[in-house]
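Asks: Got a structure for you, questions after.
The values are calculated or read from the model by the stated rules, or taken from the named source; none is laboratory data. Computed from a predicted structure; not experimentally measured. Counting neighbours? That spans all protein chains shown, and the Cβs are built from the backbone with ideal geometry, glycine included.
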């Protein structure tokens with residue numbers, strides 16, 4: 001019996017996910033066919049379906065990978081001496097991703113599919129909740145250190161920061177002239193003024 005090579009399996013899954021992400025960003029989720037994903041991934045339909053049984057399963061895997069990456073990113077911030085600055089750095093990363101047209105279009109496709117597809121919606125909701133929980137925990141520690149206004153509710157503050165991030169991608173959908181890299185300093189300013197000690201007074 002042939003042994004399964006986990007690294008090779010993971011590489012194949014990633015190959016499919018990257019090909020599908022590019023197709024979804026260019027053509028949209030529903031307009032993209034399985035045949036197009038297979039062509040982009042340079043593999044047969046049988047090979048693709050060995051790893052993912054549907055387009056929805058690919059989207060769910062993309063969302064799950066992003067959740068893991070975001071969780072790992074927040075885990076690296078635990079020892080940051082200035083947690084407010086660390087959070088502002090996270091926003092810089094978000095704006096850099098938003099400036100990537102393929103990424104931003106994919107994010108909008110995933111958001112739209114999360115409304116139509118309960119399985120995708122559950123993955124997106126779980127990822128969002130985990131990110132807001134991590135952000136709230138970070139804010140709570142920053143408050144204890146005097147780096148963030150202790151009169152703010154950390155969960156509510158995290159929700160509003162998440163809403164601002166969501167708003168960046170919504171703005172990209174309706175405003176072709178919106179430049180995330182150019183607007184990144186303003187987002188930093190808005191959030192820093194919101195969170196700095198004394199802001200809730």
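Asks: Just for the range 71-84: of the residues that are touching a helix residue (DSSP H, G or I) at 6+ places or on another chain (Cβ under 6 Å) and modelled with pLDDT under 95, which one is nearest to residue 124 (Cα to Cα)?
Replies: Only one residue tops the list, namely 74.
Asks: For the range 111-132, what are the residues that are buried (at least 17 other Cβ atoms within 10 Å of the Cβ) and touching a residue at least 60 places away in the same chain (Cβ under 8 Å)?
Replies: Scanning the range 111-132 gives 113, 117, 120, 123, 124, 127, 131.
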